[in-house]
1. So what J values fall out for the stretch 25-35 if you push phi through Karplus, 6.51 cos²θ - 1.76 cosθ + 1.60 with θ = phi - 60°, rounded to Hz, Gly and Pro as x?
2. So what is the relative contact order of the chain, in percent, for Cα pairs below 8 Å that sit 6 or more residues apart?
3. With springs only between Cα atoms under 10 Å apart, run a GNM on the chain and tell me which of Gly15, Gly56, Gly42 wobbles the most.
4. Taking the mean number of other Cβ atoms within 10 Å as a proxy for protection, how do you rank 115-122, 29-36 from highest to lowest?
5. Taking Lys43 as the anchor, which aspartates and glutamates have their alpha carbon closer than 17 Å to its alpha carbon, excluding any fewer than eight residues away along the same chain?
6. Under 12 Å from a label point 7 Å along Cα→Cβ of Ser122: give me every residue in the stretch 1-43 with its amide N that close.
7. In the stretch 71-114, which trypsin sites (Lys or Arg not before Pro) fall in coil by DSSP and have 16 or fewer other Cβ atoms within 10 Å?
8. Could you report the chain's accessible area per residue, 1.4 Å probe, as an integer in Å²?
Amino acid sequence: QVQLVESGGGLVQAGGSLRLSCAASLRTFSRYAMGWFRQAPGKEREFVATISWSGGTTYYTDSVKGRFTISRDNAKNTVYLQMNSLKPEDTAVYYCAAREKFIATLPLEYDYWGQGTQVTVSS
């Protein structure tokens, strides 16, 4: 059974930083592209960032470029999202997701999802 477990969320002031982690039970983690998504109350789930199986390719939504960094450690079956210069509009539940092979930006393109971790940014 595939499990993705996010951690690292919390409450932070605007301008602060958080680092999210997502530990995957995937046996062949290095074959999967990974993504981070977020969902704010009353809004649809939106794409944040994605990383290729090798880590060589990354892609971000415009609103987080220059502030967030996605990375992965295939030896630890873990993907990370370093979030700097946080803004109140970054407040959401953050989810990690996995799909085989190539990166993607649509939620329906991902096969496995974690339960999410809450990030709250106060002004």
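The values are calculated or read from the model by the stated rules, or taken from the named source; none is laboratory data. None of the values given here were measured: they were computed from a predicted structure. Counting neighbours? That spans all protein chains shown, and the Cβs are built from the backbone with ideal geometry, glycine included. Side chains are part of the model used for accessible areas, which takes the heavy atoms of the whole protein and leaves out ligands, DNA and RNA. Shrake-Rupley method; radii C 1.70, N 1.55, O 1.52, S 1.80 Å.
1. 8, 4, 5, 10, 3, 5, 8, 10, 7, 10, x
2. Values: 314 pairs, mean separation 44.5, N = 123.
About 36 percent, as a whole number.
3. The residue that fluctuates most here is Gly42.
4. Values: 115-122: 16.4, 29-36: 21.8.
Top to bottom by mean Cβ count within 10 Å: 29-36, 115-122.
5. Of all the aspartates and glutamates, those that pass the test against Lys43 - Cα under 17 Å, at least 8 places apart if same chain - are Glu89, Asp90.
6. 11-14
7. On the way: sites: Arg72, Lys76, Arg99, Lys101; in loops: Lys76, Lys101.
Those satisfying the criteria are Lys76, Lys101.
8. Details: 6540 Å² over 123 residues.
Dividing the accessible area of the chain by its residue count gives 53 Å².
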